[in-house]
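Read through the structure below, which is laid out as structure tokens, and then see the notes.
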Amino acid sequence: MKIKLICLALIFMTCSALLHADRLQDSYNKMLATYAKVNSWQAAITQSNYFAQSQSTLKSSGTFYFQRGKVAIYYTKPQVQYLLVTDGKVTIYDQAARSAMRSGLLSSVQSLNPVEIVKTYWNASQKSLVQSVQGTTAILLKPKSDKQIKEITVTLQNSTGYVKKLSYRDISGNTVSLSFTSGKVNQAIPKKIWNLPIPKSVKVLEY
């Protein structure tokens, strides 16, 4: 009798694991299908950066812009900063410091593009369900072998597949959390968004 019960328990656990994996994969596939139809996307963004060494947190807010092959973030609080990712490079301008820098894009996380981050790590990570509440599904990704990222959590809207939240933690304990609200899909983005308003007097440092 005990052997039968153990076998039944193992079968149940196996079936549950398969159903669990299918559910996660379905959520991921829906995200891919949704963004395959997106030519442009803009949303209000709230960002939180936790720095482990100083045990401090910086919260920022602004507007996130996405267009095929491009990402721009215009931060308005706590200070004005601009970030542009295009042609494999990231440019950052700090208005208060009157400084700007441009460097090659080293990884998908540097772009802050939530869809590309999830796509990069999906097949190279152990996946588990964090929670499923209020029409959303939160998925934890733990990269199997990555020298930079320790874990990623993405929250997807069940009905649409859109990313509502994304956070990642690096091996040093630093975390970045992004939340997106008031999204606008396939609406024209002004061309000036892709030309950061960096004053001519500010030299862009190349790295």
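According to the square roots a ≥ b ≥ c of the eigenvalues of the Cα gyration tensor, what is the shape class of segment 111-199, taking rounded for a/c under 1.5, prolate for a/b larger than b/c otherwise, and oblate for the remainder? Walk me through the intermediate numbers first.
Values: a/c = 2.35, a/b = 1.33, b/c = 1.77.
Oblate shape, in that a/c is at least 1.5 and b/c is the bigger or equal ratio.
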Phi to ³J(HN,Hα) by Karplus 6.51 cos²θ - 1.76 cosθ + 1.60 over segment 117-127, Hz, x for Gly, Pro = 5, 5, 4, 5, 9, 4, 6, 9, 9, 7, 10
Multiply the residue separation of LYS203 and THR160 by 0.36 nm, subtract the distance between their alpha-carbon atoms, and state the gained length in nm to one decimal.
-> 11.2 nm
Of the cross-linked pairs LYS142/LYS184; LYS89/LYS184; LYS89/LYS191, which ones have a Cα-Cα span greater than 23 Å in the structure shown?
-> LYS142/LYS184; LYS89/LYS184
Roughly how big is the chain's charge dipole about its Cα centre, with Cβ charges of +1 (Lys, Arg) and -1 (Asp, Glu), in debye to the nearest 20?
-> 180
Averaged over all viewing directions, the convex hull of the alpha carbons in segment 25-206 casts a projected area in nm² of 10.9
Any idea what diffusion coefficient segment 156-207 gets from Stokes-Einstein, in µm²/s, Kirkwood Rh on alpha carbon pairs, 37 °C, 0.692 mPa s?
-> 215
Dimensions (Å) - segment 35-141, Cα atoms, principal axes, largest first | 43, 35, 26
Taking the simple approach of a point 7 Å from Cα along Cα-to-Cβ for both ALA21 and ASP87, what is their distance in nm?
-> 4.4
Cα-based reach from LYS147 at 17 Å (exclusive), listing aspartates and glutamates while leaving out same-chain residues under 8 positions away | ASP170
With the contact rule set at Cα under 8 Å and sequence spacing of 6 or more, what percent relative contact order holds for the chain?
-> 22
Mind checking which aspartates and glutamates have their Cα closer than 18 Å to the Cα of LYS30? Skip sequence neighbours fewer than 8 apart in that chain.
-> ASP22, GLU116
Can you work out ³J(HN,Hα) from phi for every residue in segment 61-74, in order, using Karplus 6.51 cos²θ - 1.76 cosθ + 1.60 and θ = phi - 60°, giving whole Hz and x for Gly and Pro?
-> 8, x, 10, 9, 10, 10, 9, 3, x, 9, 9, 9, 10, 9
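Only the coordinates and a few stated rules stand behind these numbers; no lab work does. For clarity, every value in this text was computed on a predicted model and none was experimentally measured. Note that each Cβ is placed from the backbone with ideal geometry, even for glycine, and that neighbours are counted across all protein chains shown.
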